[in-house]
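Student: This is the structure I want to talk about, given as structure tokens.
The values are calculated or read from the model by the stated rules, or taken from the named source; none is laboratory data. Since the structure is predicted, the reported quantities are computational estimates derived from the model, not experimental observations. Here the Cβ positions follow ideal geometry from the backbone for every residue, glycine too, while neighbour counts run over all protein chains shown.
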Amino acid sequence: MKDRRFHYVDAARGIAVLLVIYGHTFRESMRAAYAWCDFSYALVYRFHVSLLFLLSGFGYALTLEKNKTLTEWRYLGKKAKALLLPWFSYSVLIYVVFVAAQLFAPCRALLENTAYQKIPPAKYLAAMLKNENPYSFHLWYLQTLFLFTAVTFLKDKFLSEKYARRAAILLILSLPAFYTLFCRDWVWVFKGFFQKYLFFLLGTLLVREKVEKKAGILAAVGACSFAALVLEICFFPVEIYDNPYIDLGMSYVDNAITVGICLGILAVCILWNRYLGHLAQFGRNTMRYYLYHQPFCCALLGMLLYEKLHFSAVATVAACMVSAIALPWLFGKLIRLCRLDDIFKKIGLPA
């Protein structure tokens with residue numbers, strides 16, 4: 001059962017990372033020019049990272065009893081090594097790469113008037129801490145996941161199981177309103193926390209046996225939720241969100257739809273568990289692909305192919321998807337071939 005459990009969770013995590021990569025293949029100019037690009041972007045951005053957080057919360061709950069034997073500092077140190085160390089190391093590595101690129105005239109010309117132009121170290125550090133890294137914005141996920149895990153662990157450590165569960169339910173019900181009313185203009189480190197924490201908390205409340213038993217029903221809920229999201233994107237006027245009361249109500253509707261889709265994807269992975277071996281294997285290595293696919297495999301490559309070389313949108317998306325899967329794998333092979341894997345491990349980067 002243990003193998004099967006992690007098998008379908010890993011498969012769902014693999015789907016989530018593939019959706020993240022797919023969302024990152026689109027440039028703003030592509031979305032402005034093609035309706036299918038704008039639709040695809042809007043669709044996957046509604047649930048791809050939420051799915052990752054829900055799965056992380058589910059995994060947190062599966063290991064909670066074992067982790068409760070650790071002291072607070074030991075647990076937080078363990079999570080900092082797993083999440084904050086790669087967040088910091090990759091941020092520094094990317095900054096060094098872009099500073100070095102500025103030394104070469106062709107690279108400097110390519111990066112001019114983009115988000116990847118030269119930034120002073122102090123300004124870059126401030127952006128990192130605010131989870132608004134201009135070179136690798138996707139790293140916000142790692143810092144935010146650490147905050148989710150730390151806050152939830154302290155809650156579960158110091159509250160009884162009954163009160164910890166009640167606190168989680170209260171937060172799930174209140175966070176959409178708090179975010180909608182107060183957090184829209186905050187920096188992303190706080191904005192992302194209050195926007196996505198409910199999905200992590202919901203994952204911690206899932207009971208594995210019940211999820212497996214009700215997988216068929218959850219898959220149907222996921223299909224209906226996905227259909228509702230498609231209809232909302234296609235036919236719901238965005239101007240209606242200007243009304244604060246409608247905006248508040250829709251925050252709950254939108255989150256309910258997102259939760260339904262996330263649970264549906266997890267349920268499908270349970271039902272198709274035996275057929276998803278390769279996807280589960282990919283899902284067990286998501287840190288490598290999540291870290292290394294940006295900015296070079298999607299943002300920069302997409303800008304070069306679509307905006308500089310005038311490739312078609314379809315060709316650009318396909319090329320970015322392939323490179324985002326192939327290049328991190330090849331990079332890992334190169335690291336091991338050069339026997340640098342121990343060094344990368346020490347600084348928290350996957351090989």
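Student: Take residue 227 and decide whether it is surrounded by fewer than 16 Cβ atoms within 10 Å (Cβ to Cβ) and of a type in the set (Gly, Ala, Ser). Talk me through it step by step, then tell me what you get.
Tutor: On the way: surrounded by fewer than 16 Cβ atoms within 10 Å (Cβ to Cβ): yes; of a type in the set (Gly, Ala, Ser): yes.
When the stated conditions are applied, residue 227 passes them.
Student: Condition check: surrounded by fewer than 21 Cβ atoms within 10 Å (Cβ to Cβ) and aromatic (Phe, Trp, Tyr). Does residue 306 satisfy that?
Tutor: For residue 306, the condition - surrounded by fewer than 21 Cβ atoms within 10 Å (Cβ to Cβ) and aromatic (Phe, Trp, Tyr) - is not met.
Student: Here's a follow-up. Going by what's in this entry, would residue 193 be described as of a type in the set (A, V, I, L, M, F, W, C) and under 12 Å from residue 262 (Cα atoms)?
Tutor: No; evaluated as a whole, the condition is false for this residue.
Student: If you don't mind, there's one more thing I want to ask. With the requirement that a residue be surrounded by 14 or more Cβ atoms within 10 Å (Cβ to Cβ) and farther than 16 Å from residue 45 by Cβ, what does the stretch 231-247 give you?
Tutor: 247
Student: Now a separate question. Considering only the stretch 82-118, how many residues are under 21 Å from the mean Cα position of the chain (by Cα) and modelled with pLDDT under 90?
Tutor: 1
Student: While we're looking at this one, here's another question. Pull out all pairs, ordered by first then second residue, where Cβ-Cβ is under 7 Å, the residues are six or more apart or on different chains, the first lies in the stretch 292-307 and is without any contact (Cβ under 8 Å) to a residue 40 or more places away in the chain and farther than 15 Å from residue 20 by Cβ, and the second is surrounded by fewer than 20 Cβ atoms within 10 Å (Cβ to Cβ) and of a type in the set (Phe, Trp, Tyr).
Tutor: Short answer, once both residue conditions are applied: 305/311.
Student: Report yes if residue 316 is more than 25 Å from residue 31 (Cβ to Cβ) and polar (S, T, N, Q), otherwise no.
Tutor: Details: more than 25 Å from residue 31 (Cβ to Cβ): no; polar (S, T, N, Q): yes.
No, not satisfied.
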